[in-house]
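The values are calculated or read from the model by the stated rules, or taken from the named source; none is laboratory data. Bear in mind the structure is a predicted one, so any value in this text is a computation, not a measurement. Using ideal geometry, Cβ is built from the backbone for each residue, glycine included, and neighbour counts are taken over all protein chains shown. Heavy atoms of the whole protein, side chains included, go into the accessibility calculation; ligands, DNA and RNA do not. Shrake-Rupley method; radii C 1.70, N 1.55, O 1.52, S 1.80 Å.
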Amino acid sequence: MKILHVCSYYSTSPLFQQLFDRQVVADVDVDIDVYVPISKQFPEDRIASKAPYAQTVRVYNQIERFFYYYKQNKIYRDLTKRYDTSQYDLIHAHSLFTNGYMAYRIHQEHGTPYVVAVRSNEVADFFRKAVWLRPIAFKILQNASQIIFISQNNFENTFNHYIPEKIKAELLAKTLVLPNGIDQYWHDHAYENKAVALHQPLKIVTTAKIQKAKNLVTLASYVENYNDTVAPAELHIIGSNWDQGILDQLLANPVVTYYGPKNKEEIVAFYRHSDIFALLSSPETFGLVYVEAMSQALPVVYTKGEGFDGYFTDKEIGVSTDRFDNDGFNDALNYIQSHYKDMSAKAVQASKKFNWDDIHDTYMDIYQNILK
């Protein structure tokens, strides 16, 4: 089985390597290539993953992102120069509008079947705003052999608001919600039987890149409000600095402590001495950091209506809250503290559902069923 993965997000997130590495060593005969088109301006120090099977290529200028077909055709020309696209049994496109277009073009040229994923940031940036691009999205979806949504919430939002009624049944028949997994390290070091002894002040932690979509300034203001009006609380932020202006605002907040990036071992140790994980990012495809925190017995506060919302009943392993609702955030913290022992235990158990070995097996079944 020869597979071409088109995955522009491979450059920014290490999670895709979890799947690709497993495919390389799969029991069945699998040969993969991974094509990663990025902009010429993308900072070298932000490239998250590299592997012998992947080519990360600077293809287009950042400004060309605003000219969809020009950018896409430029990427496709580069792709076909680097790979003999007629030799692949299957294409796996890890996004709809960018990577899915490549799979669609190869399918049109060679009849190659493809799997396409739909990400929540694409729904926010393309389906909602770029109405003129919806027809090509529908063509990509209709010609796909399998459609994957990473989250239930994104699946429902897309079908309820953007998919025309006349093609809904056709697309639903080949659609699956399949989440990403967390690194095996988190499963191997799950924190069972955590003692319930909350800190004073309440120790809230978040792990995220310092960038606009993570809404960290808002989160910090909510924690400051809780500290000033309800009970002592502090916010501890772990993550790379991608926006100095946002970091300056965070550092000016008296309840915030910023640590920069940390490795898995350091984060595990930090989580075990924290009380609650909170992140109000939007848009959000899934949010693996929630599951990683859950593996360390931390209940989570997460964004209502975004990628992570919908996997669990609200107030089961944490509380969803509107990112514009300060009072709702305060209520979420109070509720978690009142039900801490139960939520903490359920969080650890629920994190075990996000296992890459199981997810890899599901993908292999999908590929084999398509090729039959």
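Of note:
- Å² per residue, accessible surface of segment 110-158 at 1.4 Å: 35
- Mean accessible surface per residue for segment 1-61, computed with a 1.4 Å probe while every protein chain stays in place, in Å²: 43
- Estimated inter-spin distance, Glu265 and Val230, nm [label 7 Å along Cα→Cβ]: 3.6
- Convex hull volume per residue for segment 130-255, taking Cα atoms only, in Å³: 199
- Rounded to the nearest whole Hz, the Karplus-based 3J(HN,Hα) values (6.51 cos²θ - 1.76 cosθ + 1.60, θ = phi - 60°) of segment 73-82 follow the sequence 5, 5, 5, 5, 4, 5, 4, 6, 6, 8, with x at glycine and proline.
- Carbon-plus-sulfur accessible fraction, segment 132-233 (probe radius 1.4 Å, protein heavy atoms only): 49%.
- Charge dipole (segment 290-359, unit charges on Cβ, about Cα centre) - positive-most of Phe324, Gln296, Gly310: Gln296
- 222 nm mean residue ellipticity, helices alone, for the chain (DSSP H n ≥ 4; -39,500 (n - 2.57); rounded to 500): -12000 deg cm²/dmol
- Sequence-distant contacts, meaning Cα pairs under 8 Å at least 6 residues apart, place the relative contact order of the chain at 14 percent.
- Anisotropy class of segment 64-177 from Cα gyration tensor, a/c 1.5 cut: oblate
- Placing +1 on each Lys and Arg Cβ and -1 on each Asp and Glu Cβ, with no other charges, gives segment 1-96 a dipole about its Cα centre of roughly 540 debye.
- Normalised convex hull volume, segment 1-142, alpha-carbon set, Å³ per residue: 110
- Cα-derived Rg to Rh of the chain, Kirkwood definition: 0.98
- Rounded if a/c under 1.5, otherwise prolate or oblate - segment 71-122, Cα gyration tensor axes: oblate
- Heavy-atom accessible surface of segment 48-123: percent carbon and sulfur, 1.4 Å: 47
- Percent accessible area from carbon and sulfur atoms, segment 246-372, protein chains only, probe 1.4 Å: 46
- Alpha-carbon radius of gyration plus Dmax, which is the widest Cα pair, for segment 273-367 in Å: 14.0, 47
- Part-to-part distance (alpha-carbon centres) for segment 26-82 and segment 208-224, which is given in Å: 30
- In the full protein context, segment 253-302 carries 28 Å² of accessible surface per residue, based on a 1.4 Å probe and ignoring ligands, DNA and RNA.
- In terms of its C-alpha gyration tensor, segment 4-75 comes out prolate, because a/c is 1.5 or above and the ratio a/b outweighs b/c.
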